[in-house]
1. Examine the range 75-90 for a residue that is surrounded by 15 or more Cβ atoms within 10 Å (Cβ to Cβ), within 26 Å of Arg153 (Cα to Cα) and either in contact with a Pro (Cβ under 9 Å, 6 or more places away or on another chain) or in contact (Cβ under 8 Å) with a residue 24 or more places away in the chain (or both), and state whether such a residue exists.
2. Report, by residue number, each residue of the range 131-145 that is surrounded by 15 or more Cβ atoms within 10 Å (Cβ to Cβ), touching a helix residue (DSSP H, G or I) at 6+ places or on another chain (Cβ under 7 Å) and not β-branched (Val, Ile, Thr).
3. Which of the residues that make up the range 83-139 are acidic (Asp, Glu) and either under 28 Å from Glu53 (Cα atoms) or out of contact with any Leu (no Cβ under 9 Å at 6 or more places or on another chain) (or both)?
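Derivation of every value follows stated rules applied to the coordinates shown; laboratory data play no part. A quick note: this is a predicted structure, and the numbers were derived from the prediction, not measured. Methodologically, a virtual Cβ is constructed for each residue, glycine included, from the backbone with ideal geometry; neighbour enumeration extends over all protein chains shown.
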Amino acid sequence: MQPGIGITSENLSAVAHELGKVLADEFVLYTKTRNAHWNIEGPNFHSMHLFFESQYQQLEEMIDEVAERMRMLGHYAPGSLAKFLELTHLTEMTRDKNDSTGFIKQLLADHESIIIHLRENVNHFANDLHDSSTSDFITGFIEEHEKMAWMLRAHLK
C-alpha cells in the first residue's frame, strides 16, 4: 500500500530509485572502509585501524537510514551485492599495497564523489519530485560525508 503523504506514486518511485543508488554507494563505501580497517598495515596500524572502524560504523548507520527512508516511501530497498554493484557509481577497491595513505586517498575520492552526487539530487528531490523531506534527509548525508572527508583529508597533511 502506497503512503498517502502528498507525493504522487510516480514521484515516490523516482525518489526510491534514486535512494537505491544512494544506498548502493553507501554500501560499497562501507565495504571499502571495512576492508581498509581489516587490512591496514604499517607503523600507524593501530590508530588507523581504529579510525577506519569509526568511519565504517558511521556508514553502517547511514545505510540503515537510507533503507528505512525507502521503506517509509513504500518501496523496498535493494539488498544484494549484485544489485548494489549494478546501482553504484563507485568502483570496487583494487589495491596491491595496504598502506594508510593509499586507503585514505581512495576513500576520500569516494566520499567526495558521493557528496557531488548527493548535492546534484537535493534540488531534484525538492523541486522536481516534490519531496522536501528526502531533500532534507540527503542534505544531512552531505554534511556527514563532508565531515568524514575532512577527517580523511586531515590525515594527508
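1. As a first pass, look at the range 75-90 and keep what is surrounded by 15 or more Cβ atoms within 10 Å (Cβ to Cβ): 75, 77-78, 83-84, 87-88, 90.
Filter once more, so that each one left must be within 26 Å of Arg153 (Cα to Cα): 88, 90.
Next, from what is left, pick out any that are either in contact with a Pro (Cβ under 9 Å, 6 or more places away or on another chain) or in contact (Cβ under 8 Å) with a residue 24 or more places away in the chain (or both): 88, 90.
Within the range 75-90, one or more residues are surrounded by 15 or more Cβ atoms within 10 Å (Cβ to Cβ), within 26 Å of Arg153 (Cα to Cα) and either in contact with a Pro (Cβ under 9 Å, 6 or more places away or on another chain) or in contact (Cβ under 8 Å) with a residue 24 or more places away in the chain (or both).
2. If the condition is that a residue be surrounded by 15 or more Cβ atoms within 10 Å (Cβ to Cβ), touching a helix residue (DSSP H, G or I) at 6+ places or on another chain (Cβ under 7 Å) and not β-branched (Val, Ile, Thr), then Asp131, Ser135, Phe137, Phe141, Glu144, His145 are the ones that fit.
3. If we filter the range 83-139 for residues that are acidic (Asp, Glu), which is where we start, we get 86, 92, 96, 99, 110, 112, 120, 128, 131, 136.
The answer is Glu86, Glu92, Asp96, Asp99, Asp110, Glu112, Glu120, Asp128, Asp136.
For (1) in contact (Cβ under 8 Å) with a residue 12 or more places away in the chain; (2) crowded, with 20+ Cβ neighbours inside 10 Å; (3) out of contact with any Pro (no Cβ under 7 Å at 6 or more places or on another chain), each residue gets a yes or a no:
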position: Leu19; (1), (2), (3): yes, yes, yes
position: Leu23; (1), (2), (3): yes, yes, no
position: Leu29; (1), (2), (3): yes, yes, yes
position: Arg34; (1), (2), (3): yes, no, yes
position: His37; (1), (2), (3): yes, no, yes
position: Gly42; (1), (2), (3): yes, no, yes
position: His49; (1), (2), (3): yes, no, yes
position: Met62; (1), (2), (3): yes, yes, yes
position: Val66; (1), (2), (3): yes, yes, yes
